[in-house]
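Notes for the one structure printed next.
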Amino acid sequence: MRDVFDSTLHEISSDFLRMQSLVLEQISKVRSALAAGNTTGLRDRIKMIDLEIDQLEIELETASLSAIARHQPLAGDLRFFLLILKSLTDLERAGDYAVHVAEDLEELAGDLKPSSRSDILPMLSRLAEMLERLSYAYTELDLDLAGSLEQMDDEIDALYEQLQRSSLTRILEDSRSLAGALKIGRMARSLERLGDHIVNVADRIVYWQTGKRT
């Protein structure tokens, strides 16, 4: 019976990692498109990945609830399922934010100034690094690494505030830039919130292993 349970845990864990890797793929594709200055069709490409994330969310929720009902896990095993079930929403929302950013970038297209591109790229790079660390922390049960993501998120917040100030300066210098600046601000807000969702998952990894909330 335990062998069956362990096999179920392994399958759920693999799919959970797959969800993380898909969000990373979204961020990486957005970053590459922005760096290359070619965002044509970007929203559709990111949305296709998001559909897979949504499907995995449904499958993981079903598998987790079924396993809980069948095996009635205790202690650490139960915390594992809490990690999965509560983190599904965070990863799904992270995928949605990636779609929003891709859509805004595609709409801006040639109107995106090099200075704005330089403001957004560091946020995307930092988020990609956070997602890579998240997957490693989960796989290797590296709680120090999981804990470090909060500090990285503080850096995302600082980049967000910096971008907001830059956008305001551009509006004051040229009121015609208002629409574009607002869209850039919306993108930055989406990326800032995406970072928050990554930290939520990291915090649950710590709770899963220690039983202590951060």
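Details
- Ratio Rg/Rh [Cα only; Rh per Kirkwood] for segment 105-183: 1.13
- Using the empirical formula 2.2 N^0.38 Å as the baseline, the Cα radius of gyration of segment 10-129 reaches a ratio of 1.27.
- Legend: calculated FRET efficiency, Ser66 to Leu17, from the Cβ-Cβ distance at R0 = 25 Å, rounded to 0.05, equals 0.80.
- Its Cα gyration tensor gives segment 35-104 an equivalent ellipsoid. The semi-axes, each the square root of 5 times an eigenvalue, are 34, 11, 7 Å from largest down.
- Gain in span if fully extended, Arg165 to Ser115, counting 0.36 nm per residue against the direct Cα distance: 16.7 nm
- Full extension of the segment from Arg193 to Thr89, taken as 0.36 nm per residue of separation minus the current Cα-Cα distance, would add 36.1 nm.
- For the chain, relative contact order (Cα pairs under 8 Å, six or more residues apart, normalised by length) works out to 27 percent.
- Our coupling estimate for segment 183-195, obtained by passing each phi through the Karplus curve with A = 6.51, B = -1.76, C = 1.60 and θ = phi - 60°, is 5, 5, x, 5, 4, 4, 5, 4, 5, 4, 5, 4, x Hz, Gly and Pro reported as x.
- Most mobile listed residue (Met123, Met48, Met187) in the chain, GNM with C-alpha springs under 10 Å: Met48
- Here the relative contact order of segment 101-214, from alpha carbon pairs under 8 Å that lie six or more residues apart, stands at 35 percent.
- Relative contact order (percent, whole number), segment 25-134, Cα cutoff 8 Å, 6+ residue spacing: 49
- Debye-sum result for segment 78-213 in log10 I(q)/I(0), which assumes one identical scatterer on each alpha carbon, at q = 0.11, 0.17, 0.18 Å⁻¹: -0.45, -0.86, -0.93
- Solvent-accessible area, 1.4 Å probe, carbon plus sulfur percent, for the chain: 51
- Per residue, the chain exposes an accessible area of 50 Å² to a 1.4 Å probe, with every protein chain left in place.
- The candidates Arg213, Arg2, Arg133, arranged from most to least accessible area with a 1.4 Å probe in the full protein assembly, appear as Arg213, Arg2, Arg133.
The values are calculated or read from the model by the stated rules, or taken from the named source; none is laboratory data. What you are looking at is a predicted structure, and each value in this text was computed from that prediction instead of being measured. No Cβ is skipped: glycine too gets one built from the backbone with ideal geometry, and neighbour counts run over all protein chains shown. Areas reflect the complete protein model, heavy atoms only, side chains present, ligands, DNA and RNA absent. Shrake-Rupley method; radii C 1.70, N 1.55, O 1.52, S 1.80 Å.
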